[in-house]
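Engineer: The structure under discussion is supplied below as C-alpha cells; questions concerning it will follow.
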Amino acid sequence: MIRMMSVLTLAAVLATSGPTSAEEKETPIRGGTLNSIVHPEPPILSPLLNTATPIVLVATKINDGLVDYALDGSIKPQLAESWDFSKDGLTLTFKLRKGVTWHDGHPFTSADVKFSIEEGLLKYSSAGKRIFQTLSKVETPDEQTVILTLSKPTPVIYRNFNAQALWLLPKHLYEGTDIRSNPWNAKPIGTGPFVFKEYVRGSHIALDRNPNYWDAGKPYLDRVVFKIIPDAAGRAAAFETGAVQFGQQHPITFADAERLKKDGRFVVDTRGYEFSPTWFWLEPNHKNQYLQHTKVRQAIAHAIDRGLLLKTVWGGYGKVADSPIPSALKPFHLGEGLQQYPFDPKRAEQLLDEAGFPRKEGGWRFKLTHDFIPYGDDYRRTGEFVRQSLRRVGIDVTLGSQDLTTWLKSVFTDYNFDLISSWGNAGADPQMGIETRFWSKARMPGTSWVVVSGYQNDELDAAVEDAQTQIEPQKRVEDYNTLQRIVQRDLPLIPLFEIDWFSVYDKRLHGLTNTPNQRADNFANVYFAPE
Amino acid sequence: MSSAGQSRSLLRYVARRVLLAIPLILGIIAFNFFLLQLAPGDLADVVASEQGGAAADAGYVQELRKAFGLDLPILLQLWTYLKNVATLDFGFSHRYGIAVTELITARLGGTLLLAATSLVIAVILGTVLGLLAARRPGGVIDSVVSILATLAYSAPLFWVGLMLIVFFGVYLQWLPTGGMQEVTKVPLQGLALLIDRLHHLILPATTLALFFMAIYARMTRASMIEAMSQDYIRTARAKGLRDRRIIFRHGFRNALLPLVTMIGLQAGTLLGGSVVVETVFAWPGMGRLAFEAVSNRDLNLLLSIMLLSSFVVVAVNLVVDILYAWLDPRIEVGA
C-alpha cells in the first residue's frame with residue numbers, strides 16, 4: 001500500500017497526519033462567527049454539478065469527503081477512517097466511520113457512497129467521468145465498507161476522494177429524483193461541520209455549527225457567514241470596517257492588499273494554495289500562418305519581459321514560469337535542462353527575421369489579434385502588456401475584448417482566434433491540470449479549457465498516455481519530464497508566469513493555512529484567538 | 001362630466017392602456033429573446049466551462065443543452081416560454097437550479113426599495129432645490145444649486161458610491177458599506193429590523209438619488225422660471241395674491257407637468273442605475289441578477305426580468321398619465 005501511494009507525488013503517505021503548524025498546537029477557542037467573502041455569487045451549492053471556486057468554498061464546509069489531504073500531500077481520514085489500496089492498484093477499499101449522520105439525522109452509510117459515485121459522479125461530473133473512467137465496479141459488502149474495482153491502475157484517482165472531487169449525496173434525498181434539478185442542490189444536507197441555515201440570494205449564505213459532528217468538539221466556530229460582495233473596492237472596505245474577516249483567492253486588488261498588509265489587523269497570506277499551482281500562458285492558434293512557425297512563438301516568448309509584467313500588473317504575486325508544470329508541483333516540475341526564453345527583444349527580432357517575417361513598410365511585420373480571457377482588470381492589463389511588448393518587435397497586435405461566454409464560444413468551439421491568454425490550475429497531480437493543455441486527443445470542439453492550439457506531437461501524446469496508467473512513480477515523473485522538454489522547445493503554448501494566490505484574513509483567525517487546498521477545507525479547525 | 005362618469009372613463013382608459021401594453025411587452029420579450037440568440041454561446045457553454053479544467057467530454061455540452069431544452073428549434077423555445085408565461089409559469093433557471101419566480105421574488109424587493117427610496121429623495125430634494133433656484137435666477141442660491149446639480153449629474157455613480165463608502169463607512173464608520181441587512185443568528189424583527197434596513201439603505205439610496213436629484217432640480221428650475229413668466233402669474237400678482245399662493249398654486253402646479261413626465265421617462269434609467277449601485281454596495285437587488293443573467297445567457301431568467309421591468313415602466317407611465325389629468329384638469333384621461 002505504501003509503495004502504491006508514493007505515486008501520489010509527494011512524500012510517503014501516513015494513515016493520519018499530526019499537527020503540521022504551530023497554530024494547531026495552541027488551545028483553540030470555541031465560539032464566534034466568521035464572516036467570509038464569497039465572490040462571485042455561487043449559483044448552486046453542489047460541486048457535483050459545478051466546480052466553480054465559490055461553490056467549492058461554501059459547499060465543503062457543509063459536506064465532508066471520504067478523505068482529505070494534508071499539507072505534505074498525504075491522505076487524512078475524514079468519513080473514511082481507513083483505506084487499503086491493493087498493490088496492483090486495481091482494488092481500493094474504504095472503511096467508513098461508524099455513527100456518522102447526515103444533517104437531517106439519517107445515518108451515512110456505504111450505500112450513499114455507491115449512489116454518489118454511480119448516480120452522481122459518473123453521470124453528472126464531467127471531470128469525475130474522466131478521472132473515474134477506469135472504475136468498473138462499486139461494491140458495498142456492509143454499511144461501513146466500499147470497494148472500488150478499477151480496470152487499469154489510475155494514479156490520478158487517489159487525489160480525488162475529497163469532498164471537492166467526490167461529492168457525496170444523501171441517497172435518501174436524491175434517489176429517484178432528477179439530480180440536476182433536485183432542490184437540495186441549493187440547500188445541501190451534508191455530513192460536515194457546518195449545517196446549511198439560509199441562502200439569501202445576492203446577500204449571504206449562513207451556516208451554523210453542526211452539534212452532531214462526528215469529530216467531537218469541532219468545529220470551533222459557531223457560525224460561518226459567506227457575504228456576497230461583488231465590487232473589489234467594496235470587499236476592501238468590508239475588511240476595513242470589520243464586516244468580513246476572511247477572503248480567499250485574491251479577494252481584493254493588489255494595491256489594497258499592500259495597504260491592508262500595513263494596517264496591522266490583517267494577514268495577506270499565500271499559503272493554502274499548495275494544491276492549486278496556477279500558471280498563466282499565451283496560446284497561439286497553430287492554424288495561423290505566422291504562429292504556426294516555432295521561431296515566431298519563440299520570438300514572442302523572448303519579446304515579453306515577464307518579470308516586469310508580474311511586478312507591474314500582478315503586484316509581484318507570482319514567479320516567471322520556466323516550465324509548463326508549475327514549480328510547486330513537486331516532484332514533477334523539472335527545474336533544469338529546459339530551454340528558456342529570457343527577455344531579449346533583439347533575439348526576438350532576429351528570430352522573426354529568420355522565420356521570414358521582416359519589418360515591412362511602416363515597421364510592422366504582421367498583424368495579430370490577442371483575445372485575453374475576460375476575467376477582470378488584471379487579465380485585461382496583462383493583455384495590454386503583451387500587446388505593447390509585441391508591438392515593440394514589430395507585431396501589430398489588436399486587443400480583443402469580449403464577454404466570457406462569447407470568448408468561450410469563439411475559442412473552444414469555433415477556434416476563431418490568433419492568440420489567447422488564459423490561465424489554469426495545474427491541480428495536485430499534473431494529469432488533472434496539465435495533460436488537457438497539450439494532449440492532442442483532449443481537443444474536442446465545444447469543450448472548454450482544453451488544448452485549442454491545434455498542436456500535435458506523437459512523442460508528447462505517448463508520454464501523456466503512459467502517465468495515465470503508469471504505476472511506477474519514477475517512470476511517471478519521466479513521462480512528464482518528456483512533456484516539459486518538448487513544450488519548452490516547441491512552445492505549443494507559451495508559459496508566462498505562475499500566479500501566487502493570496503488570502504486576506506483577520507490576524508486573530510487561526511487554522512486556515514494548515515491545508516494545501518484552503519477553498520475545500522471544511523473549517524472544522526478554524527477559530528478566533530484572543531487579540 | 002359627472003364624477004361617476006369620470007371614474008368610468010378613467011377605468012376604460014386604464015383598461016385600454018393595459019391591453020395595449022400586452023403586445024408591447026410580448027414584443028419586448030421576443031426582441032430580447034432574439035437578441036440573446038445573436039450573442040455567441042449559451043447557458044450550456046457557461047455551465048460546462050464552470051466544470052473547470054477537465055471537461056474533456058465531447059458529449060457533455062450537448063447533454064446539458066438537451067437537459068436545458070436548448071436543443072429545440074428557436075421558435076419552439078420562444079413559443080414554449082410565452083405559453084408558460086400565460087399560465088404565470090416563468091420557468092426554471094438551470095444555472096441556479098431553482099424556479100425563476102423564486103429567484104426574482106427574492107431580489108425584487110431589494111430593487112424596488114432602493115429605487116423607490118431614491119426616487120422619493122430625488123424628487124423631494126430636486127424640487128425644493130429647483131424651486132429655491134428659480135426664485136432668483138442668477139442669484140447666489142441659483143448658482144450654488146446649479147453647480148451642485150452639474151456635479152451630481154456628471155459624477156459617475158460608482159465613484160460617488162465609493163466616495164460615500166470611504167467617508168461614511170470606512171473613515172467615520174457611521175454606516176455599513178454594503179449589504180441590505182445585518183446577518184444575525186436570530187432574525188431582527190419590528191423596529192430593530194426597520195432601523196437596520198434604513199441604516200443599510202442610506203448610502204446606496206443617496207448615491208442613486210443624487211444623480212436623479214440633479215435632473216429634477218434643473219427641470220424644476222427651468223419649468224418654474226417659465227411658469228412664473230406667464231401672463232396668469234402677472235394677473236395673479238395684479239390681483240394682489242400672496243406670494244406663496246402664486247408660487248405654489250399657480251406657478252408650481254403648472255411647472256409640475258414636465259417634472260412628472262420626466263419621472264415617467266426616467267423609470268427605466270432608475271432601474272438601470274440600480275445595477276451599478278447594487279454592485280458597489282453589494283445590495284441584493286434585481287439589477288445584479290439581470291447582469292448575471294445576461295453574462296450567463298440564462299434565458300428564462302433574463303426574459304422574466306425583462307418582462308417585469310417592462311411591466312414596471314409601462315405601469316409607471318400609466319400612473320404618470322393619470323397624474324397629468326389630476327394636475328391639469330384641461331387634460332382629460334380617456335378623452
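The values are calculated or read from the model by the stated rules, or taken from the named source; none is laboratory data. Remember, predicted model here, so these are calculated numbers, not experimental data. All Cβ positions, glycine included, derive from the backbone under ideal geometry; neighbour counts span all protein chains shown. Accessible surface areas use protein heavy atoms only, side chains included; no ligands, DNA or RNA. Shrake-Rupley method; radii C 1.70, N 1.55, O 1.52, S 1.80 Å.
Engineer: For the range B:256-287, name all the residues that are in contact (Cβ under 8 Å) with a residue 60 or more places away in the chain, open to solvent by less than 30 Å² (accessible area, probe 1.4 Å) and part of a helix (DSSP H, G or I).
Structural biologist: B:Leu259, B:Val260, B:Leu270, B:Gly273, B:Ser274, B:Val277, B:Glu278, B:Val280, B:Met286, B:Gly287
Engineer: Within the group B:Arg221, B:Arg197, which residue is open to solvent by 20 Å² or more (accessible area, probe 1.4 Å), away from every other protein chain (no Cβ under 14 Å) and not in a loop (DSSP other than H, G, I, E, B)?
Structural biologist: B:Arg221
Engineer: In the set A:Val200, A:Val224, which member is crowded, with 23+ Cβ neighbours inside 10 Å, within 12 Å of another protein chain (Cβ to nearest Cβ) and β-branched (Val, Ile, Thr)?
Structural biologist: A:Val224
Engineer: If we keep just the residues of the range A:122-143 that are more than 14 Å from chain B (Cβ to nearest Cβ) and open to solvent by less than 40 Å² (accessible area, probe 1.4 Å), which is modelled with the lowest pLDDT?
Structural biologist: Once the filter is applied, the top-ranked residue is A:Thr134.
Engineer: Let me ask you something else. Using the structure shown, decide if B:Ala325 is at pLDDT below 85 and closer than 30 Å to B:Leu43 by Cβ.
Structural biologist: no
Engineer: Do we find a residue being out of contact with any Phe, Trp or Tyr (no Cβ under 6 Å at 6 or more places or on another chain), surrounded by fewer than 20 Cβ atoms within 10 Å (Cβ to Cβ) and over 21 Å from A:Asn185 (Cβ atoms) anywhere in the range A:99-106?
Structural biologist: yes
Engineer: Looking only at the range B:35-61, how many residues end up being open to solvent by 20 Å² or more (accessible area, probe 1.4 Å), within 8 Å of chain A (Cβ to nearest Cβ) and modelled with pLDDT under 80?
Structural biologist: Of the residues in that region, 6 qualify.
Engineer: Any idea which of (1) more than 14 Å from chain B (Cβ to nearest Cβ); (2) assigned to a loop (DSSP other than H, G, I, E, B); (3) under 30 Å from B:Thr279 (Cβ atoms) is the one A:Glu41 doesn't satisfy?
Structural biologist: Single failed check for A:Glu41: (1).
Engineer: Would you pick out the residues in the range B:168-194 that are at the interface with another protein chain (Cβ under 10 Å from one of its Cβ atoms) and part of a helix (DSSP H, G or I)?
Structural biologist: Passing the criteria: B:Gly169, B:Val170, B:Tyr171.
Engineer: Among the listed residues A:Trp314, A:Trp281, identify the single one that is under 16 Å from the mean Cα position of the chain (by Cα) and open to solvent by less than 20 Å² (accessible area, probe 1.4 Å).
Structural biologist: Selected residue: A:Trp281, the only one of A:Trp314, A:Trp281 that is under 16 Å from the mean Cα position of the chain (by Cα) and open to solvent by less than 20 Å² (accessible area, probe 1.4 Å).
Engineer: Next question, about the same structure. In the range A:472-501, what count of residues is obtained for those that are β-branched (Val, Ile, Thr), open to solvent by 10 Å² or more (accessible area, probe 1.4 Å) and farther than 30 Å from A:Arg271 by Cα?
Structural biologist: Number satisfying all stated conditions: 0.
Engineer: One residue is enough: does the range A:109-121 have a residue meeting the conditions buried (at least 24 other Cβ atoms within 10 Å of the Cβ) and in contact with a strand residue (DSSP E or B) (Cβ under 8 Å, 6 or more places away or on another chain)?
Structural biologist: yes
Engineer: Ok, one more. So which pairs qualify, if the first residue must be in the range B:97-110 and more than 7 Å from chain A (Cβ to nearest Cβ) and under 15 Å from B:Glu292 (Cα atoms), the second must be among the β-branched types (Val, Ile, Thr) and surrounded by 20 or more Cβ atoms within 10 Å (Cβ to Cβ), the Cβ gap must be under 7 Å, and the two must be at least 6 apart or on different chains?
Structural biologist: As it stands, the answer is B:Ile104/B:Ile305, since those pairs meet every condition given.
Engineer: Could you list, in sequence order, the residues of the range A:406-431 that are outside any helix (DSSP H, G or I), at the interface with another protein chain (Cβ under 9 Å from one of its Cβ atoms) and open to solvent by less than 40 Å² (accessible area, probe 1.4 Å)?
Structural biologist: Residues satisfying the conditions are A:Gly424, A:Ala426, A:Gly427.
Engineer: Mind checking whether some residue in the range B:210-223 is more than 26 Å from B:Ser146 (Cβ to Cβ) and either under 17 Å from the mean Cα position of the chain (by Cα) or among the basic types (Lys, Arg) (or both)?
Structural biologist: So far as the range B:210-223 goes, no, none of its residues is more than 26 Å from B:Ser146 (Cβ to Cβ) and either under 17 Å from the mean Cα position of the chain (by Cα) or among the basic types (Lys, Arg) (or both).
Here's the yes/no breakdown for (1) farther than 30 Å from A:Leu207 by Cβ; (2) free of Cβ contacts under 8 Å to residues at least 40 places away in the same chain; (3) aromatic (Phe, Trp, Tyr):
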site: A:Met444; (1), (2), (3): yes, yes, no
site: A:Val452; (1), (2), (3): yes, no, no
site: A:Ala463; (1), (2), (3): yes, yes, no
site: A:Gln470; (1), (2), (3): yes, no, no
site: A:Leu493; (1), (2), (3): yes, no, no
site: A:Glu498; (1), (2), (3): yes, no, no
site: A:Phe502; (1), (2), (3): no, no, yes
site: A:Glu531; (1), (2), (3): no, yes, no
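Engineer: Restricting attention to the range A:432-453, which residues are in a helix (DSSP H, G or I), open to solvent by 10 Å² or more (accessible area, probe 1.4 Å) and facing another protein chain (nearest Cβ under 9 Å)?
Structural biologist: A:Met432, A:Arg437, A:Lys441
Engineer: Please list, ordered by first then second residue, the pairs with beta carbon atoms under 6 Å, 6 or more apart or interchain, first in the range A:171-195 and within 14 Å of chain B (Cβ to nearest Cβ) and under 22 Å from A:Leu207 (Cα atoms), second open to solvent by less than 30 Å² (accessible area, probe 1.4 Å) and not in a loop (DSSP other than H, G, I, E, B).
Structural biologist: Pairs that qualify, where the first residue is within 14 Å of chain B (Cβ to nearest Cβ) and under 22 Å from A:Leu207 (Cα atoms) and the partner is open to solvent by less than 30 Å² (accessible area, probe 1.4 Å) and not in a loop (DSSP other than H, G, I, E, B), are A:Asn182/A:Tyr174; A:Ala186/B:Ile98; A:Pro188/A:Ile62; A:Phe194/A:Lys61; A:Phe194/A:Ile62; A:Phe194/A:Leu207; A:Phe194/A:Val224; A:Val195/A:Asp208.
Engineer: Also, quick follow-up: Determine, yes or no, whether B:Leu64 is within 14 Å of chain A (Cβ to nearest Cβ), of a type outside the set (S, T, N, Q), crowded, with 19+ Cβ neighbours inside 10 Å and within 26 Å of the chain's Cα centre (by Cα).
Structural biologist: The answer is no for B:Leu64.
Engineer: Any residue that is among the hydroxyl-bearing types (Ser, Thr, Tyr) and under 27 Å from A:Gly318 (Cα atoms) - is there at least one of those in the range A:224-244?
Structural biologist: The answer is no, given that none of the residues of the range A:224-244 is among the hydroxyl-bearing types (Ser, Thr, Tyr) and under 27 Å from A:Gly318 (Cα atoms).
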